[in-house]
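Engineer: If you scroll down you'll find the structure; I have some questions about it.
The values are calculated or read from the model by the stated rules, or taken from the named source; none is laboratory data. For clarity, every value in this text was computed on a predicted model and none was experimentally measured. Note that each Cβ is placed from the backbone with ideal geometry, even for glycine, and that neighbours are counted across all protein chains shown. All accessible areas refer to the heavy atoms of the entire protein, side chains included, with ligands and DNA or RNA removed. Shrake-Rupley method; radii C 1.70, N 1.55, O 1.52, S 1.80 Å.
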Amino acid sequence: MLAENEKMEARQILEDTNTMVNQSQIMAHKAMRQTGSVEKASTSIEGMINTIQQNAGADQVNNTMKQLNGIAPRNTAPSKEMATKSEEFAGQAEQLKDMIDYFKLSEN
């Protein structure tokens, strides 16, 4: 009876771990997509700067470039940090899964 309860608890821990690993992988993918969106926005900002340079005076271009240069780092840094943390979490979850797999009971 006790062994059966322990076996059920071990299975539940394994299922919970697998769920956490899957969720962390999803989070890592979302973070990577967000980082890609920020990079696309940065490219778009560069295009805007080029357009402004062609259509505006030097003072207007310099002021606009200063403003735009402040936007990209504020958006990029949190996205990259989130991606890094998600990857770390995914790695830790995978390690936890490996440790639990070590104690996995056979079906027999």
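Engineer: Tell me the label-point distance for the pair Glu4, Lys30, using the 7 Å Cα-to-Cβ offset, in nm and rounded to one decimal.
Structural biologist: For the pair Glu4/Lys30, the computed spacing is 4.0 nm.
Engineer: Could you pull out every one of the lysines with an alpha carbon less than 22 Å from that of Lys97, ignoring same-chain neighbours closer than 8 positions?
Structural biologist: Lys7, Lys30, Lys85
Engineer: Rolling a 1.4 angstrom probe over the protein chains, ignoring ligands and nucleic acids, what is the accessible area of Lys30 in square angstrom, nearest 10?
Structural biologist: The accessible area comes out at roughly 120 Å².
Engineer: What net charge do the residues around Gly91 carry, taking every other residue with its C-beta under 14 Å from that of Gly91, with Lys and Arg at +1 and Asp and Glu at -1?
Structural biologist: -2
Engineer: With a sphere of radius 13 Å drawn around the Cβ of Glu9, what net charge do the other residues whose Cβ falls strictly inside it have (Lys, Arg +1; Asp, Glu -1)? Before the final figure, lay out each step's value.
Structural biologist: Working: positive: Lys7, Arg11, Lys104; negative: Glu4, Glu6, Glu15, Asp16.
Here the count lands on -1.
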